[in-house]
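Okay, structure first, notes after.
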Amino acid sequence: MVARVLIFILFSSVAEAQTIVSRADLMRLSERSASVEVARARVQSAEAQAGQAGFSGSVSGSAGVAGVAPTSGETVFSYPWNIQLNLRFAGLWGEASDARVQTVVNLERAKRALLTARIRALVQAVNLWHGLRRGLASLEVTQFSLALATLEDQAAEVRFGTGAISLSDRERVGLSLEVARVEFAQAQIAVSGVHLQLEVLFGLRDVVPKDDWQVLPEPVGSNFEAREDVFEAQSNLKLADLQRGAAQRDLLPTLNLETSIRGSAGLLSLSTNQFLALSVAYSYPVALPVGVLSSFSIGLNLSIPIQPFANIAAQTRTVVAAQGLLETTLALARAEVTNKRSAVALARSNLELAVRTAEFHVRQLERIKTRAVAGLVSILELKRAELEVLKSQRQIKNAQADLDASLLELGSALAFTMGVQ
């Protein structure tokens with residue numbers, strides 16, 4: 001009981017300066033962490049870009065005027081003109097739809113990244129809360145152990161002075177005291193480290209955990225689409241299919257309408273473009289009112305590409321590979337969730353065992369107290385029994401932390417935020 005009194009005095013002396021936080025408090029604070037705020041900003045940016053994706057097209061044209069000097073010596077002006085009309089709307093050919101899908105994918109990717117950031121911040125907050133609880137429990141145990149080791153060292157010194165124990169036994173007790181001092185110092189450092197992390201991450205100083213632990217809700221269901229790895233596999237498949245569709249659209253013919261007036265006779269013109277396609281136009285000569293032999297032509301250019309077939313085959317192989325990757329990713333996700341559920345069940349069993357062990361040590365302490373009143377046991381034996389109770393209570397806190405950790409890992413495997421909204 002000496003250590004408990006010391007710790008009570010230590011805590012009560014600074015109680016006014018301490019901040020009592022529950023696990024739920026830190027879970028809520030995790031939503032305002034820097035990593036979560038950055039992920040939220042990226043979602044807003046992706047939403048703005050998604051709102052800009054739309055319908056697009058282009059129209060182009062040209063015209064000109066030129067003078068002609070005939071052989072009669074008289075200057076006669078004709079007015080050659082040439083208009084080219086090329087109209088292509090991205091929505092009609094699928095590009096706008098593809099761009100829209102890409103922006104939606106980017107938006108959903110940002111949302112998955114936000115969910116992952118929230119889960120990681122949540123795990124960090126819960127782990128810190130448990131870390132503080134476990135650290136303070138270890139501090140109590142090691143301080144009590146130090147007090148007990150001090151008493152045992154004093155008793156060993158008396159017994160060694162009377163010749164009741166050997167020098168080696170005296171040194172062994174002295175070594176146990178030194179170990180107890182080191183363990184107490186380590187426990188102090190561990191608690192200071194948790195306090196520092198709480199101050200850096202959440203701005204909390206001199207924090208004391210509220211001892212109101214309740215088991216977290218266990219995630220249910222098997223919806224894996226919110227997972228980043230599954231979403232990326234699905235997105236790769238969707239984008240690969242879009243690229244195959246774009247390659248297939250390259251096979252579609254394009255039409256251009258050209259009209260012109262030129263000072264020439266009938267002419268058959270041939271040309272090719274970047275698709276290795278053939279363009280055909282015919283000009284028919286007509287007599288214009290100015291008396292100059294010119295021509296009026298209307299050309300309908302039909303471009304049929306012959307190159308993209310190999311590209312379609314390559315994109316099809318990419319789609320098949322993406323489909324296989326998605327199936328593998330889903331299988332791994334299912335296996336991971338199954339393993340995490342097994343870990344949760346094991347953690348529950350360990351917590352139940354820790355509780356039963358603590359109850360046993362409490363009963364054992366009560367029996368030793370009764371015997372101590374009758375003078376049948378020494379004060380050291382009583383202190384050892386009290387120490388075992390403290391250790392068993394610390395083990396309960398460790399088991400509670402392990403159960404929370406297993407539940408958070410299951411929630412992470414299912415991309416579930418454990419009820420934090």
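The values are calculated or read from the model by the stated rules, or taken from the named source; none is laboratory data. All values derive from a computational prediction rather than experimental measurement. Glycine gets a Cβ as well: all are built from the backbone with ideal geometry, and neighbour counts include every protein chain shown. All accessible areas refer to the heavy atoms of the entire protein, side chains included, with ligands and DNA or RNA removed. Shrake-Rupley method; radii C 1.70, N 1.55, O 1.52, S 1.80 Å.
For L175, state whether it is at pLDDT 90 or above and either exposed (fewer than 12 other Cβ atoms within 10 Å of the Cβ) or closer than 23 Å to A137 by Cα (or both).
no
Specify the residue that is most open to solvent (accessible area, probe 1.4 Å); the eligible residues are those in region 118-151 that are of a type in the set (S, T, N, Q) and more than 20 Å from D402 (Cβ to Cβ).
In the first step, residues of region 118-151 are kept if they are of a type in the set (S, T, N, Q); the result is 124, 127, 138, 142-143, 145, 150.
If we keep only those that are more than 20 Å from D402 (Cβ to Cβ) too, we end up with 142-143, 145, 150.
On the way: T142: 13, Q143: 32, S145: 22, T150: 49 Å².
Looking at the filtered set, the residue picked out is T150.
Of everything in region 182-216, what is within 24 Å of A343 (Cβ to Cβ) and open to solvent by 70 Å² or more (accessible area, probe 1.4 Å)? Give them in sequence order.
Q214
Being within 30 Å of V141 (Cα to Cα), modelled with pLDDT under 95, touching a helix residue (DSSP H, G or I) at 6+ places or on another chain (Cβ under 7 Å) and open to solvent by less than 30 Å² (accessible area, probe 1.4 Å) narrows it down to one of V377, V344, V337, so name that one. Before the answer, list the steps.
Numbers: V344 fails: modelled with pLDDT under 95; V337 fails: within 30 Å of V141 (Cα to Cα).
Exactly one residue qualifies, and that residue is V377.
Pairs only if they're at least six apart or on different chains, beta carbon under 6 angstrom, first in region 14-28 and of a type outside the set (A, V, I, L, M), second part of a loop (DSSP other than H, G, I, E, B) and at pLDDT 60 or above; list them, first residue then second.
What qualifies is Q18/D206; T19/L204; S22/K210; S22/D212.
Report the residue count in region 152-169 for those that are open to solvent by less than 50 Å² (accessible area, probe 1.4 Å) and closer than 23 Å to K391 by Cβ.
Qualifying residue count for the region: 4.
Among the numbered criteria (1) modelled with pLDDT under 95; (2) part of a helix (DSSP H, G or I); (3) open to solvent by 20 Å² or more (accessible area, probe 1.4 Å); (4) not small (G, A, S), which single criterion is violated by L353?
(1)
Looking at F144, F160, F184 in this structure, which one is free of Cβ contacts under 8 Å to residues at least 12 places away in the same chain and touching a helix residue (DSSP H, G or I) at 6+ places or on another chain (Cβ under 8 Å)?
F160
Residue check, S297 against (1) surrounded by fewer than 17 Cβ atoms within 10 Å (Cβ to Cβ); (2) modelled with pLDDT under 85, all met but one. Which one?
Evaluating S297 over (1) surrounded by fewer than 17 Cβ atoms within 10 Å (Cβ to Cβ); (2) modelled with pLDDT under 85 leaves (1) as the failure.
Considering only region 41-72, state which residues are modelled with pLDDT of 90 or more and loosely packed, with under 14 Cβ neighbours inside 10 Å.
The answer is A41, Q44, S45.
Considering only region 186-199, I want to know if a residue exists there that is farther than 19 Å from G135 by Cβ and either among the aliphatic types (A, V, I, L, M) or not in a helix (DSSP H, G or I) (or both).
No, region 186-199 has no match at all.
I need a count of the residues in region 314-349 that are more than 26 Å from the chain's Cα centre (by Cα) and farther than 24 Å from G245 by Cα.
Qualifying residue count for the region: 3.
Could you give every pair whose Cβ atoms fall below 9 Å, whose first residue belongs to region 350-370 and is free of Cβ contacts under 8 Å to residues at least 60 places away in the same chain and closer than 13 Å to R384 by Cα, and whose second residue is open to solvent by 80 Å² or more (accessible area, probe 1.4 Å) and in a helix (DSSP H, G or I), counting only separations of at least 6 or pairs across chains?
Listed pairs, sorted by first residue: I368/R384.
Return only the number of the condition from (1) more than 30 Å from L115 (Cβ to Cβ); (2) touching an Asp or Glu at 6+ places or on another chain (Cβ under 9 Å); (3) modelled with pLDDT of 95 or more that V389 does not satisfy.
(2)
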